[in-house]
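K.L.:
One structure, as structure tokens, below. Some questions next.
The values are calculated or read from the model by the stated rules, or taken from the named source; none is laboratory data. Given the structure is predicted, the values throughout are model-derived calculations rather than measurements. Positions of Cβ are backbone-derived with ideal geometry, glycine not excepted, and every protein chain shown enters the neighbour counts. SASA here: full protein model, heavy atoms, side chains in, ligands and nucleic acids out. Shrake-Rupley method; radii C 1.70, N 1.55, O 1.52, S 1.80 Å.
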Amino acid sequence: MLADTVDESALPENVRARSFAGASQTERGARYLAALAPELMERPVAVLAHMAPVYALIAAPLARPLRVPLLLWFTQQGAGPALRNAERVVDVLLTVDRRSVPLDSPKIRAIGHGIDVAALPCVPERRPPLRRLLGLGRYAPVKGWDTALRALVELPDATLTLHGPQLTDADREHLPALRSLAEELGVDDRVTFGDEVTYASVPQLFGLADAVVNATHGNSADKVVYEAAAACLPVFAASPVFDTLLPEALRFHGDFPSSLAERVRDYDGGAGRALRERVERQHSIAHWAERVLDAAGA
């Protein structure tokens, strides 16, 4: 594994890792190539670039002459020049769902998500009314937290707890706007704007919640939706990509807060175990890994 930052304590026994961290983009690129070159000489099964198309672009001049398959995993709505250029040089472009990558290419292969189901204990069955709502994700406009806040007006007995990072200037500008909106709507006493949390704390947060809300706009495939489903927790999502995971009763129209409020009010229970089983079948780590190896021709 080649990464900017490496946490040695998190590595399984069969994983080696090298950091290519540097003070500048040029230095990071040079260190990345220096780390990649000797690994390619061992003729690995494939090179898998994760989320950053630039990793595939830099690796291509070395991997392709050696006929080492070059794969890119990408599941994000933004499609810049780097993604379009990477699509030209990779052998396969892997994603969760055909709609979760904003390109049209015969190289795209939908393989589901990779969820560590064993790390997410199944919470007790949640019965209505659902009062403790949880949202996990960046404080970014695309996440649709304003929709969740507006829906809270129609759910007078519910609370909403949000946790997420502020990674960009836009995120840092958006959080105060959300706080102001909560005050304007008169729901600020029922909303908690929390900080970013570690992955290890997610199961505990799931255990304290009655349901998860995901209002991200567009064809998103936010991983937290699959994680909540794996934990047997009702999860309400707006993205059409989740039509293969969630029943109609757990999906809402992201442009209409009333749609979310109605789904939460009308939830009659019983979805938890079925959601976990679906994640185990189609989105587990083992399933994902096998599909990656298939794409590499292994």
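K.L.:
Could you sort 46-54, 62-70, 191-199, 12-20 so that the peptide with the highest average Cβ count within 10 Å comes first and the rest follow in order?
P.N.:
On the way: 46-54: 18.4, 62-70: 16.1, 191-199: 12.8, 12-20: 10.8.
So the order, starting with the most tightly packed, is 46-54, 62-70, 191-199, 12-20.
K.L.:
Per DSSP H run of at least 4 residues, take -39500 (n - 2.57); add these up for the chain, divide by its residues and hand me the 222 nm value, nearest 500 deg cm²/dmol.
P.N.:
Numbers: 10 runs with 109 residues, N = 298.
Result for the chain, helices only: -11000 deg cm²/dmol.
K.L.:
Please grab the % of Cα pairs in the range 1-97 that end up more than 16 Å from each other. It would help to have the intermediate numbers written out before the result.
P.N.:
Details: 2688 of 4656 pairs.
Tail fraction, whole percent: 58.
K.L.:
Equivalent-ellipsoid semi-axes (√(5λ), Cα gyration tensor) for the range 173-236, whole Å, largest first? Could the numbers behind the result be given before it?
P.N.:
Working: eigenvalues 108, 45, 30 Å².
So the three semi-axes of the range 173-236 are 23, 15, 12 Å.
K.L.:
Something else about it: For the range 115-168, what does the alpha-carbon gyration tensor say about shape, rounded, prolate or oblate, given a ≥ b ≥ c as the root eigenvalues, a/c under 1.5 as rounded, and a/b over b/c as prolate? Walk me through the numbers on the way to the answer.
P.N.:
On the way: a/c = 3.00, a/b = 1.07, b/c = 2.81.
It is oblate, given that a/c is not under 1.5 and a/b is not larger than b/c.
K.L.:
Then there is this: Sorting check: for 92-100, 219-227, which peptide has the highest mean count of neighbouring beta carbons within 10 Å, and how do the rest follow? Walk me through the intermediate numbers first.
P.N.:
Values: 92-100: 21.3, 219-227: 23.8.
The densest-packed peptide leads the list: 219-227, 92-100.
K.L.:
Would you mind getting the accessible area per residue of the chain, heavy atoms of the protein chains only, 1.4 Å probe, in Å²? Show your work: numbers first, answer last.
P.N.:
On the way: 14620 Å² over 298 residues.
Normalised by residue count, the accessible surface of the chain is 49 Å².
K.L.:
Counting only protein heavy atoms and a 1.4 Å probe, tell me what percentage of the range 10-58's accessible area is made up of carbon and sulfur.
P.N.:
On the way: 1740 of 3140 Å².
Answer for the range 10-58: carbon and sulfur cover 56 percent of the accessible area.
K.L.:
Counting Lys and Arg as +1 and Asp and Glu as -1, what is the net charge of the other residues whose Cβ lies under 14 Å from the Cβ of V292?
P.N.:
Numbers: positive: R109, R291; negative: D91, E290, D294.
So the surrounding residues net to -1.
K.L.:
For the range 185-298, what does the equivalent ellipsoid look like in terms of its semi-axes, each the square root of 5 times an eigenvalue of the Cα gyration tensor, given largest first in whole Å? Before the final figure, lay out the partial values.
P.N.:
Values: eigenvalues 145, 58, 42 Å².
Equivalent ellipsoid semi-axes, largest first: 27, 17, 14 Å.
K.L.:
Could you check how much of the accessible area of the range 231-298 is carbon and sulfur, as a whole percent, using a 1.4 Å probe? Could the numbers behind the result be given before it?
P.N.:
Values: 1560 of 3160 Å².
C and S atoms contribute 49 percent here.
K.L.:
Let me ask something else about it. How large, in percent, is the carbon and sulfur part of the accessible surface of the range 76-213 at a probe radius of 1.4 Å?
P.N.:
On the way: 3330 of 6550 Å².
Here it works out to 51 percent.
K.L.:
Arranged from highest to lowest average of other beta-carbon atoms within 10 Å per residue, in what order do the peptides 127-137, 267-277 appear?
P.N.:
Details: 127-137: 18.8, 267-277: 15.7.
So the order, starting with the most tightly packed, is 127-137, 267-277.
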